[in-house]
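Asker: Sending over a structure as structure tokens; questions will come in a sec.
The values are calculated or read from the model by the stated rules, or taken from the named source; none is laboratory data. Predicted model only: the values in this text are computed from it and were never measured. Reconstructed Cβ throughout: ideal geometry from the backbone, glycine too, with neighbour counts over all protein chains shown.
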């Protein structure tokens, strides 16, 4: 993978890999470890990845390339939702007002 493509992946991974990082502490156990103990892991329901730009743009394409890997890692589907407008601020407001359960996240703009 070319270095400039990796530049887009890193912020998305950071924004999405930490469950509920904007509102709740990170769980002590990872999802696979929690599943072995019989405790419910994170996430238990599908995760929304809100992209603040139009479909087909570089951020959207990167999110769509990353979503299957995150779904495999978390064991839950990752749904891409595009909310274009305002330079990403519409998506940011949507994520900020979402329930703080860690199931709604957004990659940082560019």
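Asker: Of the residues 28, 84, 35, which single one is part of a loop (DSSP other than H, G, I, E, B), modelled with pLDDT under 90 and out of contact with any strand residue (DSSP E or B) (no Cβ under 6 Å at 6 or more places or on another chain)?
Answerer: Within the list 28, 84, 35, the selection yields 28.
Asker: Could you go through segment 11-23 and let me know if any residue there is modelled with pLDDT of 90 or more and touching a helix residue (DSSP H, G or I) at 6+ places or on another chain (Cβ under 7 Å).
Answerer: no
Asker: Let me ask something additional. Among the residues of segment 86-108, how many are surrounded by fewer than 17 Cβ atoms within 10 Å (Cβ to Cβ), free of Cβ contacts under 8 Å to residues at least 60 places away in the same chain and closer than 17 Å to residue 58 by Cβ?
Answerer: Of the residues in segment 86-108, 1 are surrounded by fewer than 17 Cβ atoms within 10 Å (Cβ to Cβ), free of Cβ contacts under 8 Å to residues at least 60 places away in the same chain and closer than 17 Å to residue 58 by Cβ.
Asker: Please enumerate the residues belonging to segment 56-81 that are over 13 Å from residue 108 (Cα atoms) and part of a helix (DSSP H, G or I).
Answerer: Across segment 56-81, the qualifying residues are 61, 64, 65, 66, 67, 68, 69, 70, 71, 72, 73, 74.
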